1. Taking the alpha-carbon set of the stretch B:3-72, what are its Rg and Dmax in Å?
2. Calculate the spin-label point distance for B:ASP37 paired with B:ILE15, positioning each point 7 Å from the Cα along the beta-carbon direction, and give it in nanometres.
3. Find the Cα radius of gyration of the stretch A:100-154, compare it with 2.2 N^0.38 Å by division, and give the number to two decimals.
4. Set the Förster distance to 25 Å, then compute FRET efficiency between B:GLU150 and B:THR121 from the Cβ-Cβ distance, nearest 0.05.
5. Per 10 Å bin, what percent of the C-alpha pairs of the protein assembly as shown does each bin hold, from zero upward?
6. Could you tell me the convex hull volume per residue, in Å³, taken over the Cα atoms of chain B?
7. Excluding A:ARG30 itself, calculate the net charge of residues whose Cβ lies under 9 Å from the Cβ of A:ARG30, where each Lys or Arg counts +1 and each Asp or Glu counts -1.
8. Going through the stretch B:26-97, which trypsin sites (Lys or Arg not before Pro) have at most 14 other Cβ atoms within 10 Å and a DSSP loop state?
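Please treat every number below as a calculation from the coordinates, not as lab data. The structure displayed is predicted, hence computed values, not measured ones. Heads up, the Cβs are rebuilt from the backbone with ideal geometry, glycines too, and the neighbour counts pull from every protein chain shown.
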Protein chains: 2
Amino acid sequence: MVGELRPGEMVLAGIAEPDGPRLHFIGSIRSPWGPEDCPKNIGRAREAGMGARVELDPAFAPALAGLTVGQPVILLYWMDRARRDLLVQAPRHVEAPRGTFALRSPNRPNTISQATVRITTLDPVQGVIGIDAIDCFDGTPLVDIKPWLETVDMPPDSAAD
Amino acid sequence: MVGELRPGEMVLAGIAEPDGPRLHFIGSIRSPWGPEDCPKNIGRAREAGMGARVELDPAFAPALAGLTVGQPVILLYWMDRARRDLLVQAPRHVEAPRGTFALRSPNRPNTISQATVRITTLDPVQGVIGIDAIDCFDGTPLVDIKPWLETVDMPPDSAAD
């Protein structure tokens, strides 16, 4: 895949095979999007006005108890087509190459993306959650659902960054 | 471990061994905290007024390019002592048992916790980042660093939830 690098990009040479714990996918995200038309970020996905949904493995449905329609939640999902070896990247929308940890690109050592979305519908028996929007392909594996909490998820001191 | 359950808690019976992709730990979090004194959440960690730092595997240091002191970032880290099989939990601070996905408990199918912190110092050569505070044990494995972005990380429509 090195041949596909853009000018200024840098890969981690001789990266070891990942040897950390294995993820357990808890379900998948059903979205209107594929590789041809997926919005570049959650803002554009919202502008498109298309909802999406989370389909949990039914075994996990009891773990939804306590969530409510209207609540914001953070979804973590696995970008299974992204690269894990890029240290410096040159996305088309930035003026100069930048380090992976300064970008929200799906290409990163652990290809987990996250979005803060709002619950629009909730079926705790089937384990299906409607959400306002999402910026990933249909079928993306889901890693976690967390309640968004102002006390935890806002930057300290000031949000004006 | 079933014997340690509190009233109302529920485990996922017959959970399969996780068979998803393996994580690649990119470094570790150095904090003042151990099992005896770790704050229960990031708010209490901030009140304690103790900074912390991220020590990247030096191979990943180039991926910090573009981050700046003062910037808020999201850290994802692996809670390696937590349980992966709890569907419903009864933390001491909540009045009734609640589903795992309605809680920020470290116990979850993928034991990834996250905090939004502010960068206080940055050594991009050594791959060391000072942060304002953190609520995990010293030595916790690090999974990801992402820039916090208002357009991505604030709930849609309203933050007044």
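1. In Å, with Rg to one decimal and Dmax whole: 18.2, 49.
2. 3.1 nm
3. Details: Rg = 13.3 Å, N = 55, 2.2 N^0.38 = 10.1 Å.
The stretch A:100-154 yields a ratio of 1.32.
4. Numbers: r = 23 Å, r/R0 = 0.94.
Plugging the Cβ-Cβ distance into 1/(1 + (r/R0)^6) gives 0.60.
5. Result returned by the calculation: 6, 27, 37, 25, 6, 0.
6. Working: hull volume 24.2 nm³, N = 161.
Spread over its residues, the Cα hull of chain B gives 150 Å³ apiece.
7. Working: positive: A:ARG53; negative: A:GLU55, A:ASP138.
So the surrounding residues net to -1.
8. Values: sites: B:ARG30, B:LYS40, B:ARG44, B:ARG46, B:ARG53, B:ARG81, B:ARG83, B:ARG84, B:ARG92; in loops: B:LYS40, B:ARG81, B:ARG83, B:ARG84, B:ARG92.
Taking the stretch B:26-97 and a limit of 14 other Cβ atoms within 10 Å, the loop trypsin sites (Lys or Arg not before Pro) found are B:LYS40, B:ARG81, B:ARG92.
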